[in-house]
Amino acid sequence: MSDSIVIIPTYNEKENAESIIRAVFGLEKDFDVLIIDDGSPDGTADIVKGLQGEFSGRLHIIERKGKLGLGTAYITGFKWAIEKGYDYIFEMDADFSHNPKDLIRLHKACAEDGADVAIGSRYVSGVNVVNWPMSRVLMSYFASKYVRFVLGINVADTTAGFKCYRRNVLETIDLDDIKFKGYAFQIEMKYTAYKLGFKIQEVPIIFVNRVKGVSKMSGGIFSEALIGVIRLKFKRMRRKK
């Protein structure tokens, strides 16, 4: 068993599932992998289960019935990883928009450089996004600026979904109190860690738009994030009172 687990939520990722798993297991550092599959009708879970014999004890899967949301997938994975005793717990997409090789850099930020949360950041050193339409780049970039302004959080890429947590961060956060299920989940987790006083470090990455499969992003997801920021702000204000 590794000290690190990479949680990868999937829904209809048959084109990417085997490749992303092999890419993680091919790294020079050992990482275990936990797939959270939301009842993919394309057979993603069967592909993963077919690889478990080859990667015995390192590749795990939790199958859920239906699309229950990105946030609940990660919360499920976090609780499982805490129970199993992993020291470093990662979030990563299945579609290669996050380069698996950057897992090593995120691990180093937490294991050697003293970070409690390491973020694979698209915006900490300019705008490092490849093959996204300009409208989507601008929407994502200014959404992060908006979140940073409203919440007062010193993070350039507030909506990033490529992260490493030390286990004690996730043990300290009340995971059952995390309310958002979609895009705003990423904001809520960062903001909560920030308010609890954990050290957050951004590691510059290059984000590449998926080549295979269909994006799950939508305008509604961005809307949830924008409205959710206001809700987070008022939630924090009410608690102070």
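Things worth noting here:
- When 109, 118 are checked against the criterion of being assigned to a strand (DSSP E or B), farther than 18 Å from residue 232 by Cβ and aliphatic (A, V, I, L, M), 118 stands alone in meeting it.
- Test for residue 84: is it among the charged types (D, E, K, R) and touching a residue at least 24 places away in the same chain (Cβ under 8 Å): yes
- Output for the range 60-93, where each listed residue is modelled with pLDDT under 95 and either small (Gly, Ala, Ser) or assigned to a loop (DSSP other than H, G, I, E, B) (or both): 65, 66, 67, 68, 69, 71
- Options 46, 37, 30; residue that is under 21 Å from the mean Cα position of the chain (by Cα), surrounded by fewer than 17 Cβ atoms within 10 Å (Cβ to Cβ) and among the charged types (D, E, K, R): 30
- Contacts under 9 angstrom Cβ, first residue in the range 8-21 being of a type in the set (Asp, Glu), partner part of a helix (DSSP H, G or I) and at pLDDT 95 or above, 6 or more apart: 13/20; 13/44; 13/47; 18/47; 18/48; 18/50; 18/51
- Scoring residue 57 on the criteria (1) in contact with an Asp or Glu (Cβ under 9 Å, 6 or more places away or on another chain); (2) of a type outside the set (Val, Ile, Thr); (3) in a helix (DSSP H, G or I) leaves a single failure, condition (3).
- Within the set 191, 183, the sole residue that is buried (at least 20 other Cβ atoms within 10 Å of the Cβ), modelled with pLDDT under 85 and not aliphatic (A, V, I, L, M) turns out to be 183.
- In this structure, residue 163 qualifies as at pLDDT 95 or above and either of a type in the set (Lys, Arg) or under 19 Å from residue 30 (Cα atoms) (or both).
- Positions within the range 1-26 being of a type in the set (A, V, I, L, M) and surrounded by fewer than 15 Cβ atoms within 10 Å (Cβ to Cβ), in sequence order: 1
- Top-ranked residue in the range 198-209 [being surrounded by fewer than 18 Cβ atoms within 10 Å (Cβ to Cβ) and not in a strand (DSSP E or B); ranked as modelled with the highest pLDDT]: 199
- As a summary of the residue check, residue 170 satisfies the conditions (1) at pLDDT below 95; (2) crowded, with 18+ Cβ neighbours inside 10 Å; (3) more than 23 Å from residue 97 (Cα to Cα) except for the one numbered (1).
The values are calculated or read from the model by the stated rules, or taken from the named source; none is laboratory data. From a predicted model like this one, the values you see are computed outputs, not experimental measurements. Neighbour counts run over all protein chains shown; Cβ positions are idealised from the backbone, glycine included.
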